[in-house]
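The values are calculated or read from the model by the stated rules, or taken from the named source; none is laboratory data. This structure is a prediction, so every number in the text was calculated from the model and none was measured. Cβ atoms come from the backbone with ideal geometry, glycine included; neighbour counts cover every protein chain shown. Surface areas here come from the heavy atoms of the whole protein model, side chains and all, with no ligands, DNA or RNA. Shrake-Rupley method; radii C 1.70, N 1.55, O 1.52, S 1.80 Å.
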4 protein chains.
Amino acid sequence: EGGAAVDIKALERLVEFQIREGIRGLIPLGSTGEFLSVSPEERTAIVETVVRTAAGRVPVLVGTGAEDTREVVRTSREAEALGADGVMIIPPFYSVPTLAELIHHYDTVAKAIGIPIMVYNNPATANVDMTPEMLAEISRIPNCRYVKESTLEVTRVRDIVALCGDRMEVFAGVLGYESAWLGAIGWVAVCSNLAPKLSTEMFHAAAFDKDMDRALALYRRLAPLLPWVGGPRYVSGTKAGFRLMGMDMGNPRPPRLPLPGADMPRLAAVLQTMGLLAEGARQAA
Amino acid sequence: EGGAAVDIKALERLVEFQIREGIRGLIPLGSTGEFLSVSPEERTAIVETVVRTAAGRVPVLVGTGAEDTREVVRTSREAEALGADGVMIIPPFYSVPTLAELIHHYDTVAKAIGIPIMVYNNPATANVDMTPEMLAEISRIPNCRYVKESTLEVTRVRDIVALCGDRMEVFAGVLGYESAWLGAIGWVAVCSNLAPKLSTEMFHAAAFDKDMDRALALYRRLAPLLPWVGGPRYVSGTKAGFRLMGMDMGNPRPPRLPLPGADMPRLAAVLQTMGLLAEGARQAA
Amino acid sequence: EGGAAVDIKALERLVEFQIREGIRGLIPLGSTGEFLSVSPEERTAIVETVVRTAAGRVPVLVGTGAEDTREVVRTSREAEALGADGVMIIPPFYSVPTLAELIHHYDTVAKAIGIPIMVYNNPATANVDMTPEMLAEISRIPNCRYVKESTLEVTRVRDIVALCGDRMEVFAGVLGYESAWLGAIGWVAVCSNLAPKLSTEMFHAAAFDKDMDRALALYRRLAPLLPWVGGPRYVSGTKAGFRLMGMDMGNPRPPRLPLPGADMPRLAAVLQTMGLLAEGARQAA
Amino acid sequence: EGGAAVDIKALERLVEFQIREGIRGLIPLGSTGEFLSVSPEERTAIVETVVRTAAGRVPVLVGTGAEDTREVVRTSREAEALGADGVMIIPPFYSVPTLAELIHHYDTVAKAIGIPIMVYNNPATANVDMTPEMLAEISRIPNCRYVKESTLEVTRVRDIVALCGDRMEVFAGVLGYESAWLGAIGWVAVCSNLAPKLSTEMFHAAAFDKDMDRALALYRRLAPLLPWVGGPRYVSGTKAGFRLMGMDMGNPRPPRLPLPGADMPRLAAVLQTMGLLAEGARQAA
């Protein structure tokens, strides 16, 4: 199973699909990108492919989180050398680092590169929670310009804005719609893999047009998709969706398993209702 | 900092110290062994050194946990080839695997090797909690003979014994004394790095001699050391202790930082009271 | 200490203050109203006073939560008889009831009265969490027309709206601003005791005018007050604020203690900045 | 339903059953005694009945926890006047008191009575967690001689013993067997209502005889009963068990519901295996 190589053609197609549908940025090798299941050579190929295909049309941030600070330095430098516009870095996810260790980790990487860092707070996977007070400290590291905030407490956005000022800008993780009303300037969404257009329009309607009626209507259209690309199946549900949409991206890699076949009809029904099956067919054509 | 190579001489000395003091087994490359901060070459050297130095006097289990199942297979096979008696495997610690994924992960590794697996449940670092009910399923995989149970709920030991029968035997993680009274047959302790003799005698007095008075007295002698080798400083406190005892093992590797210098006098006082400073001096002589 | 009787004059003054400042409803005997520290006679006097003083200008809902279902029936009937427009009922807060017990509890009360029930979800004090799925069941009880949702997960509002339809409307508990954008039609705030005008205007700007710029600016003005009327000091901070504003409402009752004197200057500074000290002086004059 | 009066005859029978079976103490009006669902008159009758029936053969502690400190004073004084040997007091369970408020609460009650207080830590119902460090402070109040520790972290017993010395002695709440090995001198068990003899013998074998083989064997005999008198059904399961054993104690009071009828056969099977059905029949004869 896990012997399959990275499908470069499929990756190029995905990048084109995203940009054509209006996405504002790309983040290869995040959690949904299964960054812990690729070899160093595959990592290089993925970054090179995305940067080359995006070709400056949208910014590319590369996920370079790892447990070992030295490895983060190495892959972040590589990302910069390959033309990335920034890196997204989840904290060390095994050792439960202290604040001093987090600052040392981010500072070491920041000094090694010349592109901005998006600090990524996701305690549900990283096992360490960077509170707004901790982020206020981390935001004093010059390159740490952005934070992706992925807890379910939307008041964190309020507090980060209040505590970090213009040193650090907030991208929502899971709560795109909700965070928009509190000052988030972007949304790093899992659902935008399958539904880039709807996701982008929804966030824009809220964060920039400040049009609640339109944004909430779009959010309610998106909502049925969310359980399929969240919780334990953000990878398997995304992969299954692409297959149903005619843009096969292969199976998850170990230790992840594909979405159980018995779940496929319900996911297909959701995608059908949202108009994404036809969409996918058009894209694939 | 992290450029320092593994100190093979210090590792040989540590193995000799442990065996001379009565330890019943060795587990290199566990969490305290900073298994996520070593290169593949360093890993090989560590396993080779421990197996060679132990020379069959005590069993050697090698920590081979990793996020990617394929990597666990590779390092577990290597451990077996180098003469290890078993492997200790923490589940994938980033993806929050489902039970089906856990079973697939352990089963894949079990089929690839001929030595036993100690399944390691430590939700505080691995971010997934294998309950006794889940372990009962995992225990049906032939090679999964042992579990290291590292939550703070000691009733887990009772329930694992009841649900797994003789398919899976329990080693305590943190709660050595407490687990002994519920049927644990071993204890994988952090404190035993610095205090192998006291740790071994305490667990033996409880689990095998069933002598509460003696075991509790030994536990109370050990207790002051526990906060120094637990929580966020199990690595830094252990390294600092070895330095104070005259058996320098170097500093933690990134992302970890050394124990703050200001904490050293209090740790030294604890080691002094326990008689470990003199012990260390004797060993080092 | 706790021997002091209820200060009816101060309560009348508070009701007048609230209505004059634009509040849209009143809920005596909620948590901030220390409903578990009043005698049955005091309860009657409080309800009678608030209903009489409000005199139909705004709706009055009475907090009638209790552990024993029979007591909730008794006090809810009394509230209806005294002219209340509805009751707010926190679930039994000691026994950790099952869903079946919750439904039985609310259904028993609903059948005993003819006014609507606002179901109150506040797991931080009630120790039982009524999830949106559970509320969907409870919303089928005819009188259970409203829910006050007081967790920190604002997506609950989204899910309650989706699952309960028009059977149950949502009032925010703590997250007034955030919930407005998801369809909450009201906000039961602690901060509105001290700042009724600002709280009301903020929620209205968000929920009904859908004016993010204005609402967010008002929210940021309110924000410094929130830590003083939240967490462990929602009663003591509110009481202290009224004293500073010249509208003394006495001390908290047992088991609560007054806000420590050392905290008063910082609270006074917050109220000063918000213009509430002058406001209070004007009201008191 | 809830209209039924307290069955004094059944209560006398229960006290006789407990003492005849070897119980070492009685605690009426605890959580299993549904202390929040009795009227003041019923409370008086219950205390009077238990004290009179016990007649000095075993100590009687009365549960007098309440949210309002003044009520705790009143019922604790009443308990003392009626001949109780002590009181068991859960902290205020709604307001989430601070440490200062907890100390004020217990100190106020302690000064009002001349009998000892068993402080009762049960965060799962009381919603406030008195850690060993907090209990060390509370243990300085002269009358607070005992603590009933009801978390699942058995190391709390170790830490309370270390921090409180002989100022405060520990009774286990849920973890009777486990706590015995750490120095608990008693066990306030729910299962001892139905199985007083087995529960008493098990705890004695561990705590006083220090006989692991015998104690663990008894514990394993008790274990199947535990899920039936724990979690959400400690009251309903206990009531159902008494009915099956021929010692009907009536149904739970609101808000609690009886154990679902569908569960009765499985509970009966457990009681049968433990020999408690025959036991009950003998007692009832």
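Add +1 for every Lys or Arg and -1 for every Asp or Glu among the other residues with Cβ under 12 Å from the Cβ of D:Gly275, and state the total.
Around D:Gly275, the surrounding residues sum to +2.
Quick one: with all protein chains in place, what share of the accessible area of the stretch D:189-285 is carbon or sulfur, to the nearest percent (1.4 Å probe)?
57 percent
Count the net charge of all other residues whose Cβ sits under 10 Å from the Cβ of C:Phe171, scoring Lys and Arg as +1 and Asp and Glu as -1.
-1
Grab the beta carbon distance between D:Ala81 and A:Ala55, set R0 = 51 Å, and tell me the FRET efficiency rounded to 0.05.
That gives a FRET efficiency of 0.05.
For the residue pair B:Asp248 and D:Ala223, what label-to-label distance in nm results when each label sits 7 Å from Cα along the Cα-to-beta-carbon direction?
Going from the B:Asp248 label point to the D:Ala223 one covers 5.0 nm.
At what distance in angstrom do the alpha carbon centres of the stretch D:219-239 and the stretch B:27-106 lie from each other?
After rounding, the separation between the Cα centres reads 41 Å.
Taking the Cα-to-Cβ direction at A:Ala112 and at B:Asp166 and moving 7 Å from each Cα, how far apart do the two end points lie in nm?
The modelled label-to-label distance comes out at 5.2 nm.
With θ set to phi - 60° and the Karplus curve 6.51 cos²θ - 1.76 cosθ + 1.60, what are the ³J(HN,Hα) couplings of the stretch B:136-151 in order, to the nearest whole Hz, using x for Gly and Pro?
For the stretch B:136-151, the Karplus-derived couplings read 4, 5, 5, 5, 7, 6, x, 6, 7, 8, 9, 10, 9, 9, 10, 8 Hz, x marking Gly and Pro.
Quick one: putting +1 on the C-beta of Lys and Arg, -1 on the C-beta of Asp and Glu, what dipole do you get for the protein assembly as shown around its Cα centre, in Debye to the nearest 20?
Using Cβ point charges on Lys, Arg, Asp and Glu, the protein assembly as shown gives about 0 debye.
Each residue of the stretch C:264-276 in order: what ³J(HN,Hα) in whole Hz does its phi give by Karplus 6.51 cos²θ - 1.76 cosθ + 1.60, θ = phi - 60°, with x for Gly and Pro?
4, x, 5, 5, 4, 5, 5, 5, 4, 4, 7, x, 7
Based on alpha-carbon centroids, what's the gap between the stretch B:138-196 and the stretch C:144-175 in Å, whole number please?
Computed from Cα coordinates, the inter-centre distance equals 44 Å.
How much of the accessible area of the stretch B:27-146, in percent, comes from carbon and sulfur atoms when a 1.4 Å probe is used?
57 percent
Using a loss threshold of 30 Å², tell me which positions in the stretch C:34-50 are less accessible in the complex than in their chain alone. Probe radius 1.4 Å, ligands and nucleic acids ignored.
When all protein chains are present, C:Leu36 each give up 30 Å² or more of accessible surface.
Run the numbers on the stretch C:92-136: which residues show a drop of 50 Å² or more in accessible area, chain on its own versus all protein chains together, using a 1.4 Å probe over heavy atoms?
Flagged in the stretch C:92-136: C:Tyr94, C:Ser95, C:Glu101, C:His104, C:Thr125, C:Asn127.
If you plug each phi of the stretch D:234-247 into the Karplus form 6.51 cos²θ - 1.76 cosθ + 1.60 with θ = phi - 60°, what whole-Hz ³J(HN,Hα) values come out, in order, with x for Gly and Pro?
5, 7, 5, x, 5, 4, 5, x, 4, 4, 5, 8, x, 10
Taking the solvent-accessible surface of protein heavy atoms with a 1.4 Å probe, what is the per residue accessible area of the protein assembly as shown in Å²?
37 Å²
Inside 10 Å of the C-beta atoms of C:248-258, what's the mean count of C-beta atoms belonging to other chains?
5
Just to be sure I understand the model, the point goes 7 Å from the Cα along the line to the Cβ. What's the resulting A:Glu12 to B:Arg214 distance in nm?
Roughly 7.4 nm, to one decimal.
Past 31 Å, Cα to Cα: identify those pairs from B:Lys9/B:Lys210; A:Lys148/B:Lys148; A:Lys239/C:Lys210; B:Lys148/B:Lys210; C:Lys148/C:Lys210; C:Lys148/C:Lys197, in the order given.
Cα-Cα > 31 Å for B:Lys9/B:Lys210; A:Lys148/B:Lys148; A:Lys239/C:Lys210; rest within.
Around B:Gly30, which amide H atoms from residues at least 5 apart in sequence, or from another chain, sit under 5 Å from its own amide H, with H modelled in the peptide plane?
B:Gly63
According to the square roots a ≥ b ≥ c of the eigenvalues of the Cα gyration tensor, what is the shape class of the stretch B:8-213, taking rounded for a/c under 1.5, prolate for a/b larger than b/c otherwise, and oblate for the remainder?
Oblate, because a/c is 1.5 or more while a/b does not exceed b/c.
Using only protein heavy atoms and a 1.4 Å probe, how much accessible area in total is buried between D and B, to the nearest 100 Å²?
Summing both sides, the interface buries roughly 1700 Å².
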